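**Q** Here it is, the structure, as structure tokens.
The values are calculated or read from the model by the stated rules, or taken from the named source; none is laboratory data. Because the structure is a prediction, the values reported are computed rather than measured. Backbone-built Cβ (ideal geometry, glycine too); neighbour counts: all protein chains shown. Only protein heavy atoms, including side chains, enter the accessible area calculation; ligands, DNA and RNA are left aside. Shrake-Rupley method; radii C 1.70, N 1.55, O 1.52, S 1.80 Å.
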Amino acid sequence: GTGADNDLYINQAIVFIEDAIQYRSINHRMDSKSLWLYRWYYSRTCQWILSLTITIILALAFFEKPSSLTITSDVRYRLPAWNPPCGLTESIELLCFLVFMVDVSVKSYLIGWEEFWKNKWLMAYILTLIVSLTDWIVSLSFFCTEDVRIRRILRPFFLLQNSSMMKKTLKSINSTLPEMASVVLLLAVHLSLFTMFAMLLFARAKDGQQDKEWVGYFRNLPDSLTSLLVLLTTANNPDVMIPAYSKNRAYSIFFILFTVLGNLFLMNLLTAIIYNQFRGYLLKSVQSSLFRRRLGIRAAFEVLSSLREAPANAQQSYVSTEALLRVLQKVEMDSRCKQAIMRSLKMCSCDQLSAAQFQKLFEELDKDAIKQHPPSPEYQSHFMQKMQFVFGHPYFGYLGNVVALANIVSVCVVLVLDADKQPSERDDFFLRAINCFFILYYLLEMLLKILAMGLKRYLSYPSNRFDGLLTVILLVLEIATFAVYGFPHPGWRPEFMGLLSLWDMVRLVNMLIVFRFLRIIPNMKFMALVVTTLLDLVKNLRAFAGILVVVFYAFAIAGIMLFKGAVVPLGNTSESVWGTCKKSLPFFFFLFLVQISFDIKKVVALYFKEKCDFMASFGHYQAEVIYSLLCLSSVNLICRWAKIYFVAWWLISSVIWVNLFVALLLENFIHKWDRRCHREPLSDIEYQRTVELMFRDVLEEPTEEELMEKLHHHPHLQLCR
């Protein structure tokens, strides 16, 4: 019995440490079978299957009717899309639902019935599955002919509930909304007051020639509100003021005041409030993550102190180093952290660890991930040492940057000179000869750097990998060009041969040369700081991108369901259709919604079809759905409801989400800037930050009393003290 108990304690400690590493809650079942099921559920294979299932069910929208399986989205040229038969995508969807049912069943069992009723996400998970399965049954009963499929708009929830960081981010956004609402309300008051002023200022006059401003933008309350809302985004600036300004210059004061108060003050005030409030709520979320990590480590200490190896009559609990080594060998964790902890453990002269010593060992998890570059080779020859010193010196890299700049300048000069010439009239000899010389230099530079630094050290730098890869690609393209078209000579205009023409090969090489010039970024400290900030956002703030995908997906599906089949088929009547639809909504409101200033008729020709598919909705749905609205018979009624749909999209995407992204961008940049000012950069060490580590300096450590109180309230763990 004692041996079985010891094995149970070891397994419990393993799970607690893994929970601490992943910032997971420790409130789950702790018996042997449950621990095995728990580790299996959070294994890489199981989580990979779950992630793949979520990806598949989200991707079904691209294949379901109306299908997006066409090369072009232009309905004038594309062939009829293949639509899967009824039951095909539904079968795949059912398999995904079965995986989700297993997922929610395992989660519910592991946390226990008491914790289940406290977990709102799990209850919403079950409700979503019930609604989705019900809708799936209804869909099959109608032989897949129904237009509204509720389960499609619920699919992003599966992505949302599977990410703890996305849930924390969403909770932070939800907590920030009350503060945002005050500024949005002030923005609405500003918009309403100026709408009233505009309707009074640009009222209909007796002279029909002077009614351009009234006819175009301020005919009634909805049009006036829409015109100023679009002006708030600057999408119709200065077009909205041109008729009034042509009549009297003094009218410009109205538009200047509206823009200054709305754009320069209120919108920037909203950004400041979002930055301040969201940072505070995200800090609280990260603080709770730190508490979970400390709680998991302390729980591991408590169960290990219950082993038989621990002194029975000790006044203070201890854990033997041998037991901790047994646990560490089985824990799934980063090899760098595991090796660092085991080194610290072996360097410790004591055989027993106190709670403070135990916790201090695992502080390695909180440190920056450090990537140390391999050492350079040691040459015995004096000549090779000189070579290593010269070609490993930073000035050699600066010389390469100067050569890359000269290559860019030469390419630009040749492109400017040949800009007005036909491809058949160009003499590519000069450009090909220059490119050949520079590519040979790049190859020589790469080989000399490998000689000086060694292959492993050379490849350990991302800038060198980027540089070397492009050099190899350029060399392969040059060899392929010589093999197909021969060596360049004056008047070199060979006929088209192979997969690419000579001009296509030249353009491809020139684009890669321009792209290669990005190698200068690591040598410019401020630019490198900006780039690393952006890369950290891409790596560490995936939760924000995930929520953005959820928003896009939900609005795209909702747009398809709301406005499906509303577009008039295009043909020779496109001009008359455009003439009719143009009167139904202000022109610049449409431009505001598509957020692009191009010819509206091209939008109509390219993206609008009788039944929009998911791909078009996801990328161009704003323009597509609005055109659908423009061509409806009850346009005055329908378009007002459509405005609610698109204003909601603008508020969520442009006002709230962009400001949130700016807030996190500022936080990341300020954090990196402060670290740059307080610490000299080390050439052989790279620091990799996470969201939790960004706030590490301002987080508060939980007290022992708080940890022990939480452990004593654990629903499935009985401590000995």
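**Q** Need pairs with beta-carbon distance below 7 Å; first residue small (G, A, S) and within segment 246-263, second open to solvent by 50 Å² or more (accessible area, probe 1.4 Å); sequence gap 6+ or separate chains.
**A** S252/Y245
**Q** While we're on this one: Please pick out the residue among L269, L231, L261 that is crowded, with 19+ Cβ neighbours inside 10 Å and assigned to a helix (DSSP H, G or I). First the steps, then the outcome.
**A** Numbers: L269 fails: crowded, with 19+ Cβ neighbours inside 10 Å; L261 fails: crowded, with 19+ Cβ neighbours inside 10 Å.
Going through L269, L231, L261 in turn, just one is crowded, with 19+ Cβ neighbours inside 10 Å and assigned to a helix (DSSP H, G or I): L231.
**Q** Related question: How many residues are in a helix (DSSP H, G or I), at pLDDT 85 or above and out of contact with any helix residue (DSSP H, G or I) (no Cβ under 7 Å at 6 or more places or on another chain) when one looks only at segment 356-394?
**A** Total satisfying the criteria: 9.
**Q** Name the residues in segment 40-61 that are aliphatic (A, V, I, L, M) and in contact (Cβ under 8 Å) with a residue 12 or more places away in the chain, would you?
**A** Result: I49, L50, I54, I56, I57, L58, L60, A61.
**Q** Okay, next question. Out of segment 22-79, which residues are small (G, A, S) and within 31 Å of the chain's Cα centre (by Cα)?
**A** First pass over segment 22-79, keeping only residues small (G, A, S): 25, 32, 34, 43, 51, 59, 61, 67-68, 73.
Across segment 22-79, the qualifying residues are S25, S43, S51, A59, A61, S67, S68, S73.
**Q** Further question on the same structure: Does F218 count as buried (at least 16 other Cβ atoms within 10 Å of the Cβ), over 16 Å from V655 (Cα atoms), out of contact with any strand residue (DSSP E or B) (no Cβ under 8 Å at 6 or more places or on another chain) and without any contact (Cβ under 8 Å) to a residue 24 or more places away in the chain?
**A** Details: buried (at least 16 other Cβ atoms within 10 Å of the Cβ): yes; over 16 Å from V655 (Cα atoms): yes; out of contact with any strand residue (DSSP E or B) (no Cβ under 8 Å at 6 or more places or on another chain): yes; without any contact (Cβ under 8 Å) to a residue 24 or more places away in the chain: yes.
When the stated conditions are applied, F218 passes them.
**Q** If the Cβ limit is 6 Å and pairs must be 6+ apart or interchain, which residue in segment 319-343 that is polar (S, T, N, Q) pairs with which residue that is open to solvent by 70 Å² or more (accessible area, probe 1.4 Å)?
**A** Once the first residue is polar (S, T, N, Q) and sits in segment 319-343, its partners that are open to solvent by 70 Å² or more (accessible area, probe 1.4 Å) give S320/E309; T321/D351.
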